[in-house]
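Notes follow once the structure below has been shown.
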There are 2 protein chains.
Amino acid sequence: MNQDRPIKKTTIYDLAELAGTSASAVSAVLNGNWKKRRISSQLAEKITRLAEEQGYAINMQASLLRREKSKIIGMIVPKYDNRYFGSIVETFETMARERGLFPIITCTRRDPELEVEAARTMLSYQVEWLVSTGATDPDRISDICGAAGVGSLNLDLPGTKAPSIISDNFTGARELTRRILVNSERKLGAARPLLFIGGRGSDHNTVERVRGFRAAHADIGVAVDERHILTCGYAPEKAEMSLQALAMAERELPSGMFVNSTISLEGVMRWIKRSGHYVNHTPVIGCFDWDPFAALLGDEIEMVRQDVQGMLNAVFEVIDHGAKGASLIEIPPIFVDSNYALINDPTA
Amino acid sequence: MNQDRPIKKTTIYDLAELAGTSASAVSAVLNGNWKKRRISSQLAEKITRLAEEQGYAINMQASLLRREKSKIIGMIVPKYDNRYFGSIVETFETMARERGLFPIITCTRRDPELEVEAARTMLSYQVEWLVSTGATDPDRISDICGAAGVGSLNLDLPGTKAPSIISDNFTGARELTRRILVNSERKLGAARPLLFIGGRGSDHNTVERVRGFRAAHADIGVAVDERHILTCGYAPEKAEMSLQALAMAERELPSGMFVNSTISLEGVMRWIKRSGHYVNHTPVIGCFDWDPFAALLGDEIEMVRQDVQGMLNAVFEVIDHGAKGASLIEIPPIFVDSNYALINDPTA
DNA sequence: CAACGTTGCTCAATCGATGAAGCAACAATT
DNA sequence: AATTGTTGCTTCATCGATTGAGCAACGTTG
């Protein structure tokens, strides 16, 4: 607990004195290269035992200052409020630790200023790599890292100044749209054009997904209604308001929807439940991203799952072996039926 | 990017040479106490400008080594796979930063070994406080911290060796149970005993919630069926298997359930959907914890929301002002109707 | 003009761990 | 006996930032 005079932490000098030896011998023993430094195993044992007894913990600040490599790896993440980012963070931590790296993660709440501040702070802590996940301005972060000689990587949203690992949004969206259209046809007898909702028209992922959405419609010769592409932002409220506005303007709403994230889906489901539209005929829905409860809502929610493990494999491939320039690596998302997805949830 | 000869980072010595002054002047200017050290504002400005130009970033390892305080605060968290922990982490980060503390968070995936290892690593990084969230063995962590003179705190699950901040599980569970019973009565005409599912019989929270569950039944004079208290663990699969086993053993299942976490609720909802029980009469459900999609499932899912902000206020109250011994602080959870909860989701 | 105060800096020790260089003691080889 | 090799350590500079102590230059006061 909280002592008034904080216990002075044991250092290698304390251990050296206790063992009647020198600090450098203690250091050599405790960081494992005592054989290289020709310390006798007797002394090694004695020091190890003393360290144990004294509850010695190395001072990383001192150690890292002296070494050339920090073995610290940073990640910036926008939110912890959905399975996708949660899974990214958890997988990242695990994979970093497997490599003997120490992960530091900061949540920037989609705030560009905080992103930059967080990046600078991480540089102060001597991170060796910085992974920007879903950053609003990844290139800015790459510039800051570049100036400090620190490697950076973009995950989820691409940039132009560092290798970017993202989902194959176009192909994923095309296939998701195709599936929604098939479900729609099965339910309604004929394929009818869908609504696209959620995301920002300015962000790369949304642009690509809209492109896939259009392509899937074109594939079966169905025309997309331009007024039904609602890239209103990600927040649930935005989706809700956007749907409300559409319902005021049009006499009939589309019978199927492509929802661009689970976050937007929250708003969509809420509106469907509240508004009283769709009482008799619930719409056919597909969502780009996965959530276990959302998968249980309604009876026909098709969900694509982004391949988090695959993306992070690619991230660490770059970190472990390097990558050429600002390459763009696209990882195919995963399609599974909702029950199967639940059974195999790796984060569960 | 990845340069072959890593750019040597700018230090205060480099800046000192550029400015034609000493490192100590640079240090004084950059850490803001140049007035105290009587540096002229001219020189201060010059140094500031140079630092900006050179993209100088302080070396925290060096700075922290010299200072006595690290201003680093650690948190251990079991998972990132639900809103509760996600919200805890996000709020913790924000509040830490507001206080000029640097938060380090590690996810230990409910692995006791990893918890201990993570705690030790955090001590190496000279954390000033360690918050153990939902730790399997909080006292072990408190011991480790105590030996190093570092303050520790338990969040969500209590321990006996450090101040613990938890939800008022008993009162929360009693009220949640009361509400489920009321819903059940409204739906079925009479109050019938409920099923309790999820959590570990050995963990404090579960014990308290079962106690509240029993109390609410006693309050209205309904007997609890002991075979219907299924503390089978948190994982969805466990809940599912547990329900399946019960369905095999009994002819009739309870018409209402108290589900001990959203994680368990995943399994419960899955089983309900798959098993074919409850086809005509969906059970009345209450869940200790909140999830936006779960709130939209069925029509009568009552959810308690743990007061994350309140709990973290208490955490930082202890950190800012200290606490006496291993006190137990219980924060009342929040009851809201599901629509209201959605509207006011602070994490949305 | 001597004494003292103020301004604006610099010097050097320090935090704890690391590792190259060096050194004493002894063994083995010629 | 002299040389060389090996073992098992110690010494000391170093990483970058911080800070108490000190010092030169100038102004002010009696």
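Some observations on this one:
- When the range A:94-118 is limited to residues that are part of a helix (DSSP H, G or I) and closer than 18 Å to B:F102 by Cα, the one that is nearest to the chain's Cα centre (by Cα) turns out to be A:E115.
- For the range B:254-285, taking the residues that are of a type in the set (F, W, Y) and farther than 16 Å from B:P193 by Cα, the one that is surrounded by the most Cβ atoms within 10 Å (Cβ to Cβ) is identified as B:W271.
- Residue match in the range B:314-335 (condition: touching a residue at least 12 places away in the same chain (Cβ under 8 Å), out of contact with any Gly (no Cβ under 7 Å at 6 or more places or on another chain), buried (at least 23 other Cβ atoms within 10 Å of the Cβ) and among the β-branched types (V, I, T)): yes
- Residue satisfying all of: in the range A:134-147; surrounded by fewer than 24 Cβ atoms within 10 Å (Cβ to Cβ), in contact with a helix residue (DSSP H, G or I) (Cβ under 8 Å, 6 or more places away or on another chain) and not acidic (D, E); nearest to the other protein chains (Cβ to nearest Cβ) among these: A:I144
- In the range B:39-68, the residues that are of a type in the set (F, W, Y) form Cβ pairs under 9 Å with partners that are open to solvent by less than 50 Å² (accessible area, probe 1.4 Å) and more than 13 Å from DNA strand C (Cβ to nearest atom), at six or more places apart or across chains, as follows: B:Y56/B:T10; B:Y56/B:L50.
- Some residue of the range B:83-103 being closer than 23 Å to A:I58 by Cα and open to solvent by less than 10 Å² (accessible area, probe 1.4 Å): yes
Let's see how each residue does on (1) open to solvent by 20 Å² or more (accessible area, probe 1.4 Å); (2) part of a helix (DSSP H, G or I); (3) touching a residue at least 60 places away in the same chain (Cβ under 8 Å):
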{"position": "B:S202", "(1), (2), (3)": "yes, no, no"}
{"position": "B:R209", "(1), (2), (3)": "no, yes, yes"}
{"position": "B:F213", "(1), (2), (3)": "no, yes, no"}
{"position": "B:H217", "(1), (2), (3)": "no, yes, no"}
{"position": "B:A223", "(1), (2), (3)": "yes, no, no"}
{"position": "B:R227", "(1), (2), (3)": "yes, yes, no"}
{"position": "B:E237", "(1), (2), (3)": "yes, yes, no"}
{"position": "B:M248", "(1), (2), (3)": "yes, yes, no"}
{"position": "B:E252", "(1), (2), (3)": "yes, no, no"}
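- Total residues in the range A:7-21, condition more than 14 Å from chain B (Cβ to nearest Cβ) and more than 9 Å from DNA strand C (Cβ to nearest atom): 5
- All positions within the range B:92-118 that are more than 10 Å from every other protein chain (Cβ to nearest Cβ) and of a type outside the set (D, E): B:M95, B:A96, B:R99, B:G100, B:L101, B:R110, B:P112, B:V116
Rundown of residues vs (1) away from chain B (no Cβ under 14 Å); (2) modelled with pLDDT of 95 or more; (3) away from DNA strand C (no atom under 12 Å from the Cβ), yes/no style:
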| site | (1), (2), (3) |
| --- | --- |
| A:M1 | no, no, yes |
| A:D4 | no, no, yes |
| A:A23 | yes, yes, no |
| A:G32 | yes, no, no |
| A:K36 | yes, no, no |
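- Filter result (more than 10 Å from DNA strand D (Cβ to nearest atom) and either surrounded by 18 or more Cβ atoms within 10 Å (Cβ to Cβ) or more than 27 Å from B:Q61 (Cβ to Cβ) (or both)) within the range A:49-69: A:R49, A:L50, A:A51, A:E53, A:Y56, A:A57, A:I58, A:N59, A:M60
- The residues in the range B:148-172 that are in contact with a strand residue (DSSP E or B) (Cβ under 6 Å, 6 or more places away or on another chain), open to solvent by 10 Å² or more (accessible area, probe 1.4 Å) and within 16 Å of B:G74 (Cβ to Cβ) can be counted, and the count is 1.
- If you go through the range B:184-200 and keep only what is open to solvent by less than 10 Å² (accessible area, probe 1.4 Å) and closer than 25 Å to B:H281 by Cβ, you end up with B:S184, B:L194, B:L195, B:F196, B:I197, B:G198.
- Cβ pairs under 8 Å, 6+ apart, first in the range A:7-26 and open to solvent by 60 Å² or more (accessible area, probe 1.4 Å), second more than 8 Å from DNA strand C (Cβ to nearest atom) and in a loop (DSSP other than H, G, I, E, B): A:I7/B:A148; A:I7/B:G149; A:K8/B:G149; A:K9/B:A148; A:K9/B:G149
- Cβ-Cβ under 7 Å pairs, at least 6 apart or on other chains, the range A:106-122 side within 19 Å of B:N59 (Cα to Cα), far side assigned to a helix (DSSP H, G or I) and open to solvent by 40 Å² or more (accessible area, probe 1.4 Å): A:V116/A:R140
- A residue that is open to solvent by less than 10 Å² (accessible area, probe 1.4 Å) and in contact with a Pro (Cβ under 8 Å, 6 or more places away or on another chain) can be found somewhere in the range A:119-133.
- The residues of the range B:139-179 that are in a loop (DSSP other than H, G, I, E, B) and free of Cβ contacts under 8 Å to residues at least 12 places away in the same chain amount to a single one, B:G149.
- Taking the range B:221-243 as the range and being on the phi < 0 side of the Ramachandran plot and within 14 Å of chain A (Cβ to nearest Cβ) as the test, the residues that pass are B:Y234, B:A235, B:P236, B:E237, B:K238, B:A239, B:E240, B:M241.
- For the residues B:Q54, B:Q42, the requirement of being of a type outside the set (D, E) and within 11 Å of chain A (Cβ to nearest Cβ) singles out B:Q54.
The values are calculated or read from the model by the stated rules, or taken from the named source; none is laboratory data. Everything numeric here is computed off the predicted structure, so don't read it as measured data. Note that we place each Cβ from the backbone using ideal geometry, even for glycine, and neighbour counts take in every protein chain shown. Side chains are part of the model used for accessible areas, which takes the heavy atoms of the whole protein and leaves out ligands, DNA and RNA. Shrake-Rupley method; radii C 1.70, N 1.55, O 1.52, S 1.80 Å.
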